[in-house]
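Reviewing the structure listed below.
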Amino acid sequence: MLLNLEGVPHFYKNYVKLIEETDLIQALRISGHRMLELVHFIKEEKADYRYAEGKWTVRELLCHVIDTERIHTYRALRFARNDKKPLQGFEQDDYVPQSNASGRSLKKIADEMAHLRIATIDMFEGFTPEMLKRRGTTSDNELSVIALGFIIAGHETHHRKIVMERYMGAK
């Protein structure tokens with residue numbers, strides 16, 4: 001199923017535009033695989049590196065990606081089940097300090113990312129085409145279930161590129 005970008009709020013469009021795949025499950029698999037390849041490449045001594053004052057460490061950024069995926073999958077589940085109650089947003093900068101990122105090894109974070117992505121893919125594979133089209137409201141924006149899936153893959157891709165460019169110096 002192709003995603004119509006007209007139905008995606010502006011601040012999410014840049015994430016979705018990073019995804020080349022038109023198949024959601026393939027997009028989730030590829031983005032997850034690429035992120036895990038990168039995480040396994042990062043040395044533990046680089047895990048607390050910040051590229052600038054006030055920016056997240058590598059560990060914090062990875063935990064942010066995990067938290068955001070969980071939140072978006074919860075939203076997708078609610079919308080797929082035809083729940084019409086509007087959902088609240090979340091403040092990422094409030095979540096990161098509470099993530100216990102510094103108390104976890106990169107290996108444990110990578111393992112959690114891998115397990116979470118498997119569960120995310122399993123959930124989206126269980127949705128019918130009708131469920132993927134269903135819409136709900138979060139943070140005063142209407143989103144479809146399929147858009148949330150592409151946002152998950154795009155958000156992860158966005159942060160993988162940040163790690164490569166700003167934390168590891170690669171383009």
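The values are calculated or read from the model by the stated rules, or taken from the named source; none is laboratory data. Quick caveat, the model's predicted, so the values are computed rather than measured. Virtual Cβ from ideal backbone geometry, glycine too; neighbours counted across all protein chains shown. These area figures cover heavy atoms from the full protein model, side chains too; ligands, DNA and RNA do not enter into them. Shrake-Rupley method; radii C 1.70, N 1.55, O 1.52, S 1.80 Å.
What to note about this one:
- Residue under evaluation residue 86, criteria (1) in contact with a strand residue (DSSP E or B) (Cβ under 8 Å, 6 or more places away or on another chain); (2) open to solvent by less than 50 Å² (accessible area, probe 1.4 Å); (3) of a type outside the set (Lys, Arg), criterion not met: (2)
- Elements of the type helices (runs of 4 or more DSSP H) sitting completely within region 81-142 and holding at least 3 residues that are touching a helix residue (DSSP H, G or I) at 6+ places or on another chain (Cβ under 8 Å): these cover 106-125, 129-133.
- Test result for residue 154, open to solvent by less than 20 Å² (accessible area, probe 1.4 Å), at pLDDT 95 or above and part of a helix (DSSP H, G or I): yes
- Region 6-24, residues that are within 15 Å of residue 155 (Cα to Cα) and either in a helix (DSSP H, G or I) or polar (S, T, N, Q) (or both): 10, 11, 12, 13, 14, 15, 16, 17, 24
- Among the residues of region 94-120, the ones that are farther than 14 Å from residue 59 by Cβ, modelled with pLDDT of 95 or more and open to solvent by 50 Å² or more (accessible area, probe 1.4 Å) come to 3 in all.
- Evaluation of residue 36 against the conditions (1) at pLDDT 95 or above; (2) buried (at least 19 other Cβ atoms within 10 Å of the Cβ) shows that the sole unmet condition is (2).
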